[in-house]
Amino acid sequence: MDSEIIFETINLCKEFGGLVAVDNVNIKVRKNTFHAIIGPNGAGKTTFFNLLSGNIEPTSGKVIYKGRDITHQPVYRTIHFGVGRSFQISNIFPNLTVFENVRLASQALGADNFKFWRSASAFKQYEERTWVVLKRVGLQERANVFARMLPHGDQRKLELGMILAPDPEVLLLDEPTAGMASEQVPELIALIQEIQKAGDKTVMLVEHNMNVVMSVSDQITVMHQGAVLAEGTPAQIAANKDVQTAYLGGLYHLNL
Amino acid sequence: MDYILDVQDIHTFIGQYHILQGVSVRVPRGSITALLGRNGAGKTTTLKSILGLTPPRQGKIMFEGNEIQGMLSFNIASLGIGFVPENRSIFRDLSVEENLKIAERKKGDYAGKKGFIFTLFPDLKRLINLSGINLSGGQQQMLAIARALVADNCLLLIDEPSEGLAPVLIEQLMKAIQQLSAYSTVVLVEQNFLVASQLAEYYVIIEEGRSVKEGKMKDLTNDKATIQHYLGAA
Amino acid sequence: MANHKPFFALKPDRGMLIALLVFILLPFVIGLFDGASPAQVWMNGSGQSKFIQGLAIEIFILALYALSYDLIFGFTGLLSFGHSMFFAVGAYLTGILLKNFGFSLAATFGMIFVASILQALLFGMVLPRVKGITFALVTLGMASVFHVLVLSTELGKFTGSDVGLQGVVVPDFISPATERLRLYFITLTILVVVFMLYKRFVNSTTGRVCTAIRENEGRALMLGYNTFYFKLAALMLSSLTAALAGMMHSIYQPIVSPNVAGLGFTVTALLIILIGGVGTLNGAIIGAVAYRLLDYGLRRYIGESASFINGAVYVLIVLFLPFGIVGTWRMKSLQINQGWKRLLGMFTNSQDKSDGA
Amino acid sequence: MKLSAYFRKNLTLIIVLAVLSGLFIAAANGMESKDFVITLLRGLSVGSLTFLVASGFSLIFGLLDVLNLAHGTLFMIGAYIGWTVYVRPDTLVDLLTPLALLLSGFMLGDVWIALSNRILFGKRLKRILPWVGIFISALILFSVLKQYPIAIWKVANYAQSPVSISYLASQGQNILMPPVDMAGFSPLLGFAGLIAGSLLLAFCLAVMKAGKQAATICITWRNFSGFVVLLLAGILFFVFNNALTDFLANLNSNWLFLVAVLVAVASGIGLGALMETTLIRPLYIRPIYQLMLTLGLSAIGIEVVRAIWGRPEFTMPRPELFAGTGEGCPATSLADWWQYHCSTMLVMDGRIRVFNEILIPVIGIIVLVAVWMLLQRSRLGMVIRAGVQDREMVEALGINVRRVFTLVFALGVGLAALGGVLAAPSIGLSNLMGESFLLNALIALAIGGLTSYPGAALGSLLVGLLQQFIIKYGQIGIPIPFMDVIFKPSPPIVPASTILLMVIILLILPNGLLGKKE
């Protein structure tokens, strides 16, 4: 638990027209850990992710990645730093094939983006990488299907594949299991865990499913109304009084 | 038994996906019926099909003894069906009062129901002039239910009322739903089995677009095997 | 790495090859109808062939112009209402440089190259600020300012203000009057080369990213692409092609009407790719053929109310053929194939069936 | 605290507005005060007309997401219809009967649905039959209408073009209205044809839509009342044709103008409703095609206008209340004007036209307030505002959203037609008036914010003022500091200046002045 800090926010705030969505959040994420963020809907988890990945700019505060201030970097830079991010609602290219979706993701960091005189299929390294990733998430049989034709669960897998393709160090996963059939959930979580372990990656996860969160995370941050309510290991969180009254409530115990 | 709503073997397509492949739901008058099932099983689509928002291609839907499938959704709604959607769909630029007033089907609906709504959700009275965008998740959920109560609806379709709410709020909401079930029949889609089992009298389990099991909630709570099999967790 | 494809190894497109063959043979075949032998046509004999050649040159120019619009609208998803400016700059610059400054053709082309890059940069300048319909309005605004410039009396010496630029001095070897067949083949060659370049662009890494931007720009950004540069690249290529089309236009008919700078001419491009099929390069060419022939036919046989029928065709296409000719063809080709098979089957098997019954 | 936050948030907007008003003051310093007032009022007038187009456009765009590029053409059609009613009321009266009879069949809507549900066609038959029926009814209607006596201007028939009719009318001469030639037309046969065509058409359209509304519909005598009323109205109009024509022709021109405005607005509303239900509705799922459709429709509209009224430009005579020139004119006060019905008025020693520079802005402001009240206070307005955000939910509340869409579209087109009929006496009619005003309105909306209703008003005002000031400076010239040159903006600069303003504002504020940020 004493590995170096990879992601850090300092007094991060975001207002939307008078509504404070993220309120003075200070978080330290350590390298090679599984860090979950939980909290009721509207607690500002997705907004917090958007701030980390640079999709929106904070009203005040700083985001520091590997000791470097990336607060005001444009959004397309984050992946170049090594931060991959998935979305709560599948965010893919609906009218391109599954293969093309992942290929575009793996090509992004290469130096061949403006070689418009050569066919895209001439760059074998990206295609190979694409096949590797597709195999990893279990979509290699559907490579030539249009992404919009995929069932919901497979779209989530494709989304995961798209952020794995450039091989980032940090994965920001915004409810990767949202809308998935529940028998598929453990499979996907196992996959994520495996990727984290095998590749020395840091995973940050927003998730509603408490069973999942409690079983996989090393560290949990509870957000409530934009602010951090509590932070700690799963055991600490489960025992925390504040968390129980504000979020888990009596129902949590019944649910287990 | 006297069924207010009788859905008979409906098939619904969204685009080219065969989402509902034979769902039958019978809702006894004056009860709370819960639609259970996993995420993506087709519960929300069932509600939307009843309301004509995603019209079924096959099958029959009887409401108060009349066939309503194929009618336009505003016609169906004005027969007396209130809908509380999953994402609440509060009109952001309208004030709370306007959000309620817009649900009027005849003049004076809002004035008549005001008292009832505010005893059910005292919070809303305080927020009456706020615009929808400024409400928190729980307040939005209350407003969405209140909105469905403004018109004379004898059937309420409530989709995932507890989703994303803090447990404290869920308990509050459960009380409200229990209270209003004295006035109208409720069909409830609920992920949280605990909430559903405490509220509902009857249940229907939907699995992969088909209704597979129905019965009394009392029997289900004792039937651990079924719960484990269809709902995964308990 | 062993599998590098050479530059010209494109997927053979049977339809387009046939079309190319037809266009190569067209002047000679038409000449035959006129009683002129291919040799006479080759020597630039007059007659029907020459007129049809002219019509075909116009079609090629329109096709070039529509291709350039398809690249930014159909592939990159930028709705620009100022596209006619790209064309008009090419046309006017060619005319003015040839006529008033006596530039050589090569020098003119060089200037056009520079000008088209500059105007793509001008459009690109606003790209990060405005999106969607606002981008359309801003580009419309910039094109309108250019249109006003062209019309203004202060510049009348060069542009001929509202009369249009007249009497462009065309070098003899491609004069549309005496060497029309050569001009025909030059334009055709340009079209073929540009078409192949576009095909390659669309299938290249750059072009794929452009398509991704059309599909979901936010996601393309999240993948790490600075989408601005890709849109700029598409704009530059498009601007260059449109300016080239403008250049050919002012060489072919040595007058330039100020209408080519107006919104109406942008709408023409839109109409052409709509007829042909948005986002299909073949569609731009097929659309240009259909549009020009329709326009010509209507004006000739109906006259006055031709634009009424044009509008009606427009509405009908939107209502009943929303994917254009090529798009609909691609969607239906499977069904059409099956239909043909069934039809053939009916003829060949009808005997057996009636026997059976 | 709250105020300062507001200022901080809208800093760019405030700076832009400050710069604009600074320019405005600078413009005021450059000219005499009478010129300034006149230019201001002219700007208001043009701004008001632009606003009438822009407001309808923005209403439609806000709720339906349709960029109605045919809006300018509809504006122009409103002008031409108003002119026709005003100058040739006989045409209006002649058209009433066939119109009433044509619509009569559609009053039986529910009956047709019930009927088509009762008759069970085969699947294939159900597809082909309506088209056949539509074709037959079109044939019937065409052959009847071809013979139907309607007074329109065919140069051959009347030896008078719209231009000369207009000129004569403006000279106060009685317009000669030869009675319509009734030879070769049997009323009974004509009526029967029209009614039959209408019934067939309505039935076929109902069959086409059948199956979507399977609810049991009980048919009472009420369903037939509309049909009977229209039928009777049609026959009455025919019988009293001449009396009605005489009545309208002898009407005071002020009242006739009012009739013209009402008819133009009504036909705008009708056209809008027709357009939305038949052409726009199938395309809600394909927005870009809607744009193209309206573009095509606008080309068709212009051609239709050319075919009926011809290409030349002409004006509509002003009603008597605004046309006086004799004794006591130009008026010095509004009371004076009311007494002598002057066409012009002296304001700060400058002459302004009462109709253009006073009436039109007043109507513009009335419309602004009325529509604003409609949006904010009425139930319809509430539904519109809610529908902009979430259509499906509005429908789930039991509100007929389609009807609201049709209403809003019709209202928008009605506003455009109102603008057109007001523009006819002030700036004249031409085939191109629609396009230029559409461009103006688009610019105004882009400046003000595409879906913002107050933005439409602000943008229109800015566009009108800017144009008029540039025109004025085109006459008097702008002395350029430190140089002896006087710069006179040439006419093409006028549109270019507004476009330039639009581009600058959009680059600073991509959503326009009052538009919402996404």
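The values are calculated or read from the model by the stated rules, or taken from the named source; none is laboratory data. Source: prediction; values computed, not measured. Heads up, the Cβs are rebuilt from the backbone with ideal geometry, glycines too, and the neighbour counts pull from every protein chain shown. SASA here: full protein model, heavy atoms, side chains in, ligands and nucleic acids out. Shrake-Rupley method; radii C 1.70, N 1.55, O 1.52, S 1.80 Å.
Does the range B:75-234 classify as rounded, prolate or oblate by the C-alpha gyration tensor (a ≥ b ≥ c root eigenvalues; a/c under 1.5 gives rounded; else a/b over b/c gives prolate, otherwise oblate)?
Prolate.
Which entries in the list B:Lys48/D:Lys123; A:Lys14/A:Lys241; B:Lys43/B:Lys218; A:Lys197/A:Lys241; B:Lys113/B:Lys218; B:Lys114/D:Lys516 go over 30 Å, if you measure between the two C-alpha atoms of each?
Result: A:Lys197/A:Lys241; B:Lys113/B:Lys218; B:Lys114/D:Lys516 exceed 30 Å.
Using Cα centres only, tell me the gap between the range B:170-234 and the range B:118-149 in whole Å.
25
Using a Förster radius of 56 Å, what is the FRET efficiency between D:Phe247 and D:Ile119 based on their Cβ-Cβ separation? Nearest 0.05, please.
0.75
As a quick test, which of the pairs A:Lys31/A:Lys62; A:Lys66/A:Lys124; C:Lys131/C:Lys231 have an alpha carbon distance above 21 angstrom in this structure?
Where the Cα-Cα span goes over 21 Å, the pairs concerned are A:Lys66/A:Lys124.
At what distance in nm do the modelled label points of C:Ala106 and C:Val29 sit from each other, each positioned 7 Å from its Cα along Cα→Cβ?
Those two pseudo-labels are separated by 3.7 nm.
R0 = 45 Å: FRET efficiency of C:Tyr301 with A:Asn95, Cβ-based, nearest 0.05?
Between C:Tyr301 and A:Asn95 the formula returns 0.65.
Counting only other chains, and only Cβ atoms inside 10 Å, what mean value do you get across the residues of A:145-151?
So the per-residue partner count for this stretch is 1.
Calculate the mean, over all residues of peptide B:134-142, of how many other protein chain Cβ atoms lie within 10 angstrom of the residue's Cβ.
For this peptide, the per-residue mean of nearby foreign Cβ atoms is 2.
Any idea what % of Cα-Cα pairs in the protein assembly as shown are farther than 59 Å?
Result for the distance tail: 25 percent.
In nm, give the distance between the simple-model label positions of C:Lys131 and A:Ile64, each being 7 Å from the Cα along the Cα-to-Cβ direction.
Output for this residue pair reads 3.2 nm.
To the nearest 100 Å², how much accessible surface do chains D and C cover up together, summed over both, with a 1.4 Å probe?
The buried area between D and C, both sides summed, comes to about 2900 Å².
Set the Förster radius R0 to 35 Å, insert the Cβ-Cβ distance between D:Leu23 and D:Leu334 as r into 1/(1 + (r/R0)^6), and round the FRET efficiency to 0.05.
Computed FRET efficiency for D:Leu23 and D:Leu334: 0.70.
How large a share of the accessible area of chain C, in percent, is made up of carbon and sulfur atoms when the probe is 1.4 Å and the other protein chains stay in place?
Carbon plus sulfur share of accessible area: 68 percent.
For the range B:43-140, how big is the tail of P(r) above 15 Å, as a whole percent of Cα pairs?
Value for the range B:43-140: 68 percent of Cα pairs lie more than 15 Å apart.
Among B:Thr119, D:Gly381, C:Gln338, whose Cα projects farthest towards the positive end of the dipole of the protein assembly as shown, with charges put on the beta-carbon of Lys, Arg (+1) and Asp, Glu (-1)?
The listed residue farthest towards the positive side: C:Gln338.
If packing is taken as the mean number of other Cβ atoms within 10 Å per residue, what is the order of B:99-110, A:58-69, highest first?
The densest-packed peptide leads the list: B:99-110, A:58-69.
GNM, chain A, Cα, under 10 Å: largest mean-square fluctuation among A:Val132, A:Val29, A:Val222?
A:Val132
Setting aside same-chain residues fewer than 8 positions from C:Lys157, which lysines have a Cα under 25 Å from its Cα?
C:Lys99, D:Lys488
Can you pull out the buried accessible area for chains A and B, both sides counted, probe 1.4 Å, rounded to the nearest 100 Å²?
Chains A and B together bury roughly 1400 Å² of accessible area.
Towards the positive end of the charge dipole of the range C:14-322, with charges on Cβ (+1 Lys, Arg; -1 Asp, Glu), say which of C:Thr134, C:Phe75, C:Tyr314 has the farthest Cα.
Value: C:Phe75.
Per residue, how much accessible surface does the range C:14-322 expose to a 1.4 Å probe? Answer in Å², no decimals.
Per residue, the range C:14-322 has 37 Å² of solvent-accessible surface.
How large, in Å, is chain C by the Kirkwood hydrodynamic radius built from its alpha-carbon pairs?
22.1
So which lysines can D:Lys146 reach, going by Cα to Cα under 22 Å and dropping same-chain residues fewer than 8 places off?
D:Lys154
Show the residues, 5+ positions off or on another chain, whose built amide H is closer than 5 Å to the amide H of D:Leu429.
D:Phe314, D:Thr315, D:Met316
Quick one, could you list the DSSP H helices from chain C stretching 18 Å or more along their long axis (Cα atoms) with average Kyte-Doolittle hydropathy of -1.0 or above?
What comes out of the filter, once short or polar helices are dropped, is C:14-33, C:48-69, C:83-100, C:105-126, C:132-151, C:180-203, C:227-252, C:263-276, C:281-301, C:306-320, C:324-356.
Ignoring ligands, DNA and RNA, what percent of the 1.4 Å accessible area of chain D is carbon and sulfur?
That share works out to 69 percent.
How big is D, in µm² s⁻¹, for the range D:276-378 by Stokes-Einstein at 10 °C and 1.306 mPa s if Rh is the Kirkwood radius over C-alpha pairs?
Approximately 89 µm²/s, per Stokes-Einstein.
Over all residues in B:102-108, what is the mean tally of Cβ atoms on other chains that come within 10 Å of each residue's Cβ?
For this peptide, the per-residue mean of nearby foreign Cβ atoms is 4.
Starting from 0 in steps of 10 Å, tell me what percent of the Cα-Cα pairs of the range D:55-113 lands in each bin.
In whole percents, the pair-distance histogram is 18, 25, 32, 24, 0.
Which of the peptides D:433-440, D:472-479 is most tightly packed, and how do the rest follow, going by the mean number of other Cβ atoms within 10 Å of each residue?
D:433-440, D:472-479
With unit charges on the beta carbons (Lys and Arg positive, Asp and Glu negative) and the dipole taken about the Cα centre of the protein assembly as shown, which residue among B:Met71, D:Leu258, D:Leu248 sits farthest to the positive side?
Of B:Met71, D:Leu258, D:Leu248, it is B:Met71.
Take each of the peptides D:266-274, D:377-385, average the number of other beta-carbon atoms within 10 Å over its residues, and list them starting from the highest.
Result, highest mean first: D:266-274, D:377-385.
Taking accessible area as the heavy-atom solvent-accessible surface of the protein chains with a 1.4 Å probe, which residues of the range D:292-328 lose no less than 30 Å² upon going from the isolated chain to the full protein assembly?
D:Met292, D:Leu293, D:Leu295, D:Gly296, D:Ile300, D:Glu303, D:Arg311
So what is the accessible area of the range A:93-167 per residue, in Å², with the probe set to 1.4 Å?
Heavy-atom SASA per residue in the range A:93-167 reads 39 Å².
Using Cα-Cα distances under 8 Å and only pairs 6 or more residues apart, what relative contact order does chain C have, in percent?
27
Express the carbon and sulfur contribution to the solvent-accessible surface of the range B:112-234 as a percent, rounded to the nearest whole number, probe 1.4 angstrom.
Carbon plus sulfur share of accessible area: 49 percent.
To one decimal place, what Kirkwood hydrodynamic radius in Å is obtained for the range D:1-131 from all pairs of distinct Cα atoms?
That comes to 21.7 Å for the range D:1-131.
In Å², and per residue, what accessible area does chain D have when probed at 1.4 Å with the other protein chains present?
For chain D, the per-residue accessible area is 48 Å².
Which value in nm describes the separation of the simple spin-label points at B:Gln178 and C:Leu121, placed 7 Å from the Cα toward the beta carbon?
7.3
I want to make sure I understand the PRE zone here: with the label point 7 angstrom from the Cα of A:Gln193 toward its beta carbon, which residues in the range A:19-61 have backbone N atoms less than 15 Å away?
Label zone hits: A:33-36.
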